[in-house]
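Reviewing the structure listed below.
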Amino acid sequence: MKYRLLAGGSALVLAAVLSACGSSDDSSDSSGDGRTSIDVWLMRDSVSAQFQKEFVRGFEKAHPGIRARIQIQEWDGIGEKITAALASNDAPDVIESGNTQVAQFAQSGGLLDLSDKVDELNGEDWLKGLAEPGAYEGKQYGIPYYAANRVVIYRTDLFEKAGIDARAIKTRDQWIAATEKLNKGGTQGIYLPGQMWYALAGFIWDEGGDLATESGGKWQGALDTPQALRGMEFYGRLQALGKGPKDADEADPPQADVMAQGKVAQVISTPGGANVVIEKNPELKGKLGFFPIPGKTADTPGAVFTGGSDLVIPTASGKQEAALTFIKELTGDTWQKKLAVAMSYVPNRTTLASAVAADPGAAAMAVGAANGHATPNTPGWAAVEAENPVKDYMTAVLTGGDPAKEAADASADITRAMNSGS
C-alpha cells in the first residue's frame, strides 16, 4: 500500500491505493473535468505549505489543462519507496530526488532520459553540483531543482572585538590568520570536529583532487593522491585552531549546541544552523553573520558539497508531456526566484543568485554554490557512505597517524566498497 497526500484541501486526505502491477485507478489519469492529472512527489520541507498552494494555483492558471496533485514525502526510507515506484505500473509522474540519488535510480532504467530537454530547461547555467549528479552515463535524467551548501557562521561581535572584517576574508591564508587571531582568551577560533568529511571534500576539490576517480568503468579511492593529501593537511591546520573532538562529527555533540555556549567564533554549517544556535542561546540574536568558505585564491570561493534536489520523470508515467511542463515551470525563472526567497535556498542556476541577495545566509550559500561539487556520480557511492572510511581516516591522521599510509588504507576501503556496491 502507499498513501497519497492530495493537495488543494485544508485537510490531510489519505487514500490507500493498491500498488500491485496491473492495478488501475482512473482517477489518477483524469481529474474528471477533462484535465490531465499528474501526481508529484515532493520532499518534506522542500516547499512550505504556503508556497505549495501559491505554486499550484499559479501553475494551473497558466496550464488550465493540467491538474497538479502534490504529495509530500518523508526523507526516511524514500530511496526504497522510489525504487519500488519506478519498478511498478503506478509510479508518480514527477519525483523530487536528492541530487546524489539520481544515478542509483537511473541505473535501474526507470527514469526518462531528458537530455534533449536541457537547452529548453536553461541548462547552460545550471549549478554543477546539481546538474552533474543528475546525469548518468552521459545522459541527463535529473533536472536541477534547488541547492544548499555550507558556509561559515561567525560571531560578529567577536570578529569586531578582534578587529577583523569578515568581508575581507577571501582566501584560505586570510582565513587561517583571522582564526589564529580569534583563538585566544578562552575563545575557540573555530569549532571544527575531526570527522566533518564534507568540509574535507571541499578542501580536496580546491586542490584539484577528488574522493574517488573512475577509469575503464572501475572506481577507486583517491584520498592518497598528492592533491587529496594537501586537502587533509589544510583541514588539520584549521581543526587545530579550536577544541573540536578528533573522533566525532558535527552531530556529536551538536555543533550548534557548542557554539551556543558563547565561546566559539566560527563553525562550518548550512545557514539554518544559526537559527538553532539562537534558539539555544537567545542572547546571540543579532550577533551571527555568514561568509562563503574561502578558496585558495581570492577570485574563486572555496569548493563546497552541493546538497539539494533534482526533479525526475519515471518512464512508467503515462503523462510525460504534462510532467515536463510541471518541471519547466517549477525550475523556471519566476518560481525559482520565489522558491529561493520563501525557503532560503540557492536557485538552480548561477544567473538567478541575485534572488537571495537580501538574505545574508542564502547569499553566502549562493556564492559558494558557484563552485559546488557532488560526491562521485555512481550508484556504488552509497556503499561508501554506509561504512564511511573517510571519517576513520580523518581521525587517524588527526591523532598522529601517518597521512600517506592512512590515506592509502582508506582509499583501498573506498575502492572495495564502491565496486562491491555498484
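The values are calculated or read from the model by the stated rules, or taken from the named source; none is laboratory data. Predicted, not measured: the structure shown is a model, and the values here were computed from it. Neighbour counts run over all protein chains shown; Cβ positions are idealised from the backbone, glycine included. SASA here: full protein model, heavy atoms, side chains in, ligands and nucleic acids out. Shrake-Rupley method; radii C 1.70, N 1.55, O 1.52, S 1.80 Å.
Here the 3J(HN,Hα) profile of the stretch 232-242, calculated from phi with Karplus coefficients 6.51, -1.76 and 1.60 at θ = phi - 60°, is 5, 4, 5, 4, x, 4, 5, 5, 5, 8, x Hz, Gly and Pro shown as x.
The largest-to-smallest principal axis extents of the Cα set in the stretch 220-315 are 46, 45, 32 Å. The GluC sites (Glu not before Pro) found in the stretch 90-191 that occupy coil by DSSP, while having at most 14 further C-beta atoms within 10 Å, are Glu120, Glu137. The length gained on full extension between Ser115 and Asn281, counted as 0.36 nm times the residue separation minus their Cα-Cα distance, comes to 54.9 nm. Between 0 and 90 degrees, rounded to the nearest ten: what's the tilt of helix 389-398 against the longest Cα principal axis of the chain? Once rounded, one gets 10 degrees. Once you have a ≥ b ≥ c as the square roots of the Cα gyration tensor eigenvalues for the stretch 305-422, tell me rounded if a/c is under 1.5, and otherwise prolate or oblate according to whether a/b is larger than b/c. Cα axes put the stretch 305-422 in the oblate bin. State the label only: which of [x] 63, 55, 42; [y] 70, 49, 37; [z] 84, 62, 49 corresponds to Cα extents along the principal axes in Å computed from the shown model? Of the labelled values, this structure produces [y]. Between the helical axis of 333-343 and the dominant principal axis of the chain, each derived from Cα atoms, what acute angle in degrees is found, rounded to the nearest 10? So the inclination is approximately 60 degrees.
Restriction of the trypsin sites (Lys or Arg not before Pro) in the stretch 133-206 to DSSP coil positions whose beta-carbon has at most 14 other beta-carbons within 10 angstrom yields Lys184. In this structure Lys128 has an accessible area near 110 Å², from a 1.4 Å probe over the protein heavy atoms. The charge dipole of the chain, taken about the Cα centre with unit charges on the Cβ atoms of Lys, Arg (+1) and Asp, Glu (-1), comes to about 1200 debye, rounded to the nearest 20.
Per residue, the chain exposes 43 Å² of accessible surface when a 1.4 Å probe is rolled over the protein heavy atoms with every protein chain present. Applying both filters, DSSP loop and at most 12 other Cβ atoms within 10 Å, to the trypsin sites (Lys or Arg not before Pro) of the stretch 277-383 gives Lys285.
Take the Cβ atoms of Ala298 and Asn89, set R0 to 60 Å, and the FRET efficiency comes out at 0.65.
Computed with a 1.4 Å probe on the full set of protein chains, the accessible area for Ser88 sits at about 20 Å².
Among beta bridges from DSSP that stay inside the chain, the antiparallel ones total about 70%. Between Gly77, Gly129, Gly308, the Gaussian network model of the chain with springs among Cα atoms under 10 angstrom shows the greatest mean-square fluctuation at Gly77.
Taking label positions 7 Å along the Cα-Cβ direction at both Ala49 and Val341, the computed distance is 2.3 nm, reported to one decimal. Candidate cross-link partners of Lys128 among the lysines, defined by an alpha-carbon separation under 30 Å and a same-chain spacing of 8 or more, comprise Lys53, Lys81, Lys117, Lys139, Lys170, Lys218, Lys296, Lys319, Lys328, Lys337, Lys338, Lys391.
Annotation: the antiparallel percentage among DSSP beta bridges lying fully within the stretch 127-281 is about 90. The HN-Hα couplings worked out from phi for the stretch 250-261 by the Karplus form 6.51 cos²θ - 1.76 cosθ + 1.60 (θ = phi - 60°) are 5, 8, 9, x, x, 5, 5, 5, 5, 5, 5, 6 Hz, whole numbers, x standing for Gly and Pro. What is the angle, in °, between the Cα long axis of helix 320-330 and the longest principal axis of the Cα atoms in the chain? Nearest 10 is fine, range 0 to 90. Value to nearest ten degrees: 40.
Carbon-plus-sulfur accessible fraction, the stretch 171-296 (probe radius 1.4 Å, protein heavy atoms only): 47%. Carbon-plus-sulfur accessible fraction, the stretch 297-422 (probe radius 1.4 Å, protein heavy atoms only): 53%. Using a probe of 1.4 Å, the accessible surface attributed to Thr187 totals some 30 Å² when neighbouring protein chains are kept in position.
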